[in-house]
Amino acid sequence: MGATFALAQQSRSDAVPFVVRRMAVRVEALAALLGAAVACLLMMAPLNLGGSSEGAVWKTDLLVLDLPQAAAAGAAFAMVSAALVVALGQRTAWIVSCGSAIVLLADGLSNRAAPTENLATASYIDCIFSGVLLGALAVAVHGKPIATGAYLIGALGAIEVGDQTPLPTSGGGGNPIIQWVSVGTLPAWLLVMTALLLAVGGALQHDEPATETENTTLAIGPTLSVLVLVTATTLSTGWLVRHAVTPAQIGVTAAIIIAAAMVAALLLPGRDGTLVLLAVAAS
């Protein structure tokens, strides 16, 4: 009878971690989906473009002109944050993701209080911390197929929606769903839910014993590769937009981007640079 009682106690103790693991998988998947979607939406359309038309014209113009640079800064911070949290572990990645979501929530609330003030600054804050959230969350869900799939669905879906973002117009029009998701400021309840799920996801992580073969070195090559390509593309195209377009200027800009792509490809390990060259050639 004592053996039966011991087996029952052991089965109960084994059932509790199983339930926790099942709940953790669902929470991680939902957190990855919302976190990636929020980050990509704010990077693609980092402010209420519809409401910004109520402010001064020069502020709206400055906001629109700074959108590519702000998005490029977000992409660079995504790569840097991913490289840093790889060396610190997945629990740290969840903590960084949650902290970035909290900053985005605070910035969103401040934008609602003063929707036409400091538009460009708020745009950079949204893009930078969205990039940090995107990069850290990618490391947090690494090795978890369900959460990784949710992360990709949220990111790609948000990019597709954000790509339809229209410029401010007085007449409105267009798809109302696209207008609400991409042009309007993200609702506070969505940011709160994202931050809470990321916090719960981090709390559900358990420490695993480190192995001797575990690599915690910083990925300097991929980080520099992203910085070179993003910086060259953003600065060259931004300069081209602000000046008269001639065939010579277009040729110089294309040559700079091609050279940056070659340098970025050489900085990547193995044959990973081939993907960069193919992506630049296709674009």
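The values are calculated or read from the model by the stated rules, or taken from the named source; none is laboratory data. These figures come from a predicted structure and were not determined experimentally. Note: ideal-geometry Cβ built from the backbone for every residue, glycine included; neighbour counts use all protein chains shown.
Hey, among ALA264, ALA248, ALA260, which residue is assigned by TED's automatic domain parsing to the domain that holds THR223, without any contact (Cβ under 8 Å) to a residue 60 or more places away in the chain, surrounded by fewer than 17 Cβ atoms within 10 Å (Cβ to Cβ) and of a type in the set (Gly, Ala, Ser)? Even if it seems obvious, please write down each step before you answer.
On the way: ALA264 fails: surrounded by fewer than 17 Cβ atoms within 10 Å (Cβ to Cβ); ALA260 fails: surrounded by fewer than 17 Cβ atoms within 10 Å (Cβ to Cβ).
Every option except ALA248 fails the conditions.
Does ARG26 satisfy the criteria of being in a helix (DSSP H, G or I), surrounded by fewer than 19 Cβ atoms within 10 Å (Cβ to Cβ) and either modelled with pLDDT under 85 or not assigned by TED's automatic domain parsing to the domain that holds LEU134 (or both)? Taking the combined requirement at face value, the residue does not satisfy it. The residue of the stretch 117-150 that is nearest to the chain's Cα centre (by Cα), among those that are buried (at least 21 other Cβ atoms within 10 Å of the Cβ) and modelled with pLDDT under 85, is SER123.
Remark: pairs (first residue in the stretch 187-199, assigned by TED's automatic domain parsing to the domain that holds LEU34; second residue among the polar types (S, T, N, Q) and outside any helix (DSSP H, G or I); Cβ separation under 8 Å; 6+ apart in sequence or on different chains) are absent. Total residues in the stretch 229-282 satisfying the condition of being farther than 21 Å from VAL80 by Cβ, in contact with a helix residue (DSSP H, G or I) (Cβ under 9 Å, 6 or more places away or on another chain) and not in a helix (DSSP H, G or I): the figure is 1.
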